[in-house]
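J.: Please see the structure below; I have some questions.
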Protein chains: 2
Amino acid sequence: MIKFSIFYPNEEGKKFDMDYYVNSHIPMVMEKLGGAVKGGTIDQGLAGSEPGSPPIYVAMGHILFDSVEEFQNAMGPHMEAIMADIPYYTDIVPTVQISEVKM
Amino acid sequence: MIKFSIFYPNEEGKKFDMDYYVNSHIPMVMEKLGGAVKGGTIDQGLAGSEPGSPPIYVAMGHILFDSVEEFQNAMGPHMEAIMADIPYYTDIVPTVQISEVKM
């Protein structure tokens, strides 16, 4: 199992519309990726290592796929449409990574 | 539901012993945290946004709890022992954050 993670850094003066992300962006992404998606989570950053300290990321999305190939085949044709939707909920430039789920 | 995430940045010249992390460190942490843990995953970084590019994090751990209070009550008494185990598998200084699981 592999995990595609997208990280939205918590940057001063930037906006992130969690309602749009959860209720509009992610459903659109899920519809486009279809059955290739094996699960996923959305996290809203609350705090860093100290209580009350800012989180590193205001939001993170994690989507599970059976393999890197499944992910690439599912995402490739829709990447442009998915990225074009990002400005509707944030002006943060996200970073991404692909991981192997070990546990 | 809240998620405690620990991120190990992918830094040149640093080591990370995934076998020790998965088979020794995490089982020890799970034993100490007991029933407060509601789930979790361990991810091993494979790639960044481009195929073959390095991942941001060589490893990530995500542990689920019912609330921030449950997490703090479970982790507090064991934080010192858990942190003392880190040098056995890595010389990377991890970063952490607490998130609310939205989906």
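J.: Read through the list (1) more than 13 Å from the chain's Cα centre (by Cα); (2) over 20 Å from A:Thr41 (Cα atoms); (3) facing another protein chain (nearest Cβ under 10 Å); (4) of a type outside the set (Gly, Ala, Ser), then give the number of the only condition that B:Val68 fails.
T.: (2)
J.: In addition: Considering only residues that are out of contact with any helix residue (DSSP H, G or I) (no Cβ under 7 Å at 6 or more places or on another chain) and closer than 22 Å to B:Gly39 by Cβ, which ones fall in the stretch B:87-103? If you could, list the steps in order and put the result at the bottom.
T.: Let us first name the residues in the stretch B:87-103 that are out of contact with any helix residue (DSSP H, G or I) (no Cβ under 7 Å at 6 or more places or on another chain), namely B:87, B:90-97, B:99-101.
Passing the criteria: B:Pro94, B:Thr95, B:Val96, B:Gln97, B:Ser99, B:Glu100, B:Val101.
J.: Of all the residues that make up the stretch A:40-61, how many are open to solvent by 40 Å² or more (accessible area, probe 1.4 Å) and either within 7 Å of chain B (Cβ to nearest Cβ) or touching a residue at least 60 places away in the same chain (Cβ under 8 Å) (or both)? Write out each step before concluding.
T.: Of all residues in the stretch A:40-61, those open to solvent by 40 Å² or more (accessible area, probe 1.4 Å) come to A:40-41, A:44, A:46, A:49-52, A:54, A:56.
Okay, now just the ones that are also either within 7 Å of chain B (Cβ to nearest Cβ) or touching a residue at least 60 places away in the same chain (Cβ under 8 Å) (or both), so A:41, A:44, A:46, A:49, A:56.
Summing the residues that are open to solvent by 40 Å² or more (accessible area, probe 1.4 Å) and either within 7 Å of chain B (Cβ to nearest Cβ) or touching a residue at least 60 places away in the same chain (Cβ under 8 Å) (or both) in the stretch A:40-61 gives 5.
J.: Just to be sure I understand, how many residues within the stretch A:62-85 are touching a residue at least 60 places away in the same chain (Cβ under 8 Å) and within 23 Å of A:Asn23 (Cα to Cα)?
T.: Here the count works out to 6.
J.: Which condition does A:Glu12 not pass, out of (1) modelled with pLDDT under 95; (2) at the interface with chain B (Cβ under 10 Å from one of its Cβ atoms), if it passes all the others?
T.: (2)
J.: For the stretch B:54-102, what are the residues that are modelled with pLDDT of 95 or more and of a type in the set (Gly, Ala, Ser)?
T.: Selection gives B:Ala59, B:Gly61, B:Ser67, B:Ala74, B:Ala81, B:Ala84, B:Ser99.
J.: Which of the residues belonging to the stretch A:1-17 are farther than 20 Å from B:Ala47 by Cβ and surrounded by fewer than 16 Cβ atoms within 10 Å (Cβ to Cβ)?
T.: To start, the set of residues in the stretch A:1-17 that are farther than 20 Å from B:Ala47 by Cβ comprises A:10-17.
Across the stretch A:1-17, the qualifying residues are A:Glu11, A:Glu12, A:Gly13, A:Lys14, A:Lys15, A:Asp17.
J.: Sort out which residues of the stretch B:78-100 are touching a strand residue (DSSP E or B) at 6+ places or on another chain (Cβ under 9 Å), open to solvent by less than 50 Å² (accessible area, probe 1.4 Å) and away from chain A (no Cβ under 14 Å), and write them in order of number.
T.: Narrowing the stretch B:78-100 to residues touching a strand residue (DSSP E or B) at 6+ places or on another chain (Cβ under 9 Å): B:89-100.
Then keep just the ones that are open to solvent by less than 50 Å² (accessible area, probe 1.4 Å); that gives B:89-90, B:92, B:94, B:96-99.
The answer is B:Thr90, B:Ile92.
J.: While we're on this one: With respect to B:Asn10, determine if the residue is in contact with a Gly (Cβ under 9 Å, 6 or more places away or on another chain) and farther than 14 Å from B:Ile82 by Cα. Even if it seems obvious, please write down each step before you answer.
T.: Working: in contact with a Gly (Cβ under 9 Å, 6 or more places away or on another chain): yes; farther than 14 Å from B:Ile82 by Cα: yes.
Criteria met by B:Asn10.
J.: Further question on the same structure: Scan the stretch B:19-31 for residues that are touching a residue at least 40 places away in the same chain (Cβ under 8 Å) and within 24 Å of A:Gly48 (Cα to Cα) and jot them down. If you could, list the steps in order and put the result at the bottom.
T.: If we filter the stretch B:19-31 for residues that are touching a residue at least 40 places away in the same chain (Cβ under 8 Å), which is where we start, we get B:20-21, B:24-25, B:28-29.
Passing the criteria: B:Tyr21, B:His25, B:Met28, B:Val29.
The values are calculated or read from the model by the stated rules, or taken from the named source; none is laboratory data. Since this is a predicted model, take the numbers as computed values, not measurements. Cβ coordinates were reconstructed from backbone atoms using ideal geometry, including for glycine residues, and neighbour counts include every protein chain displayed. Ligands, DNA and RNA are excluded from the accessible area calculation, which covers all protein heavy atoms including side chains. Shrake-Rupley method; radii C 1.70, N 1.55, O 1.52, S 1.80 Å.
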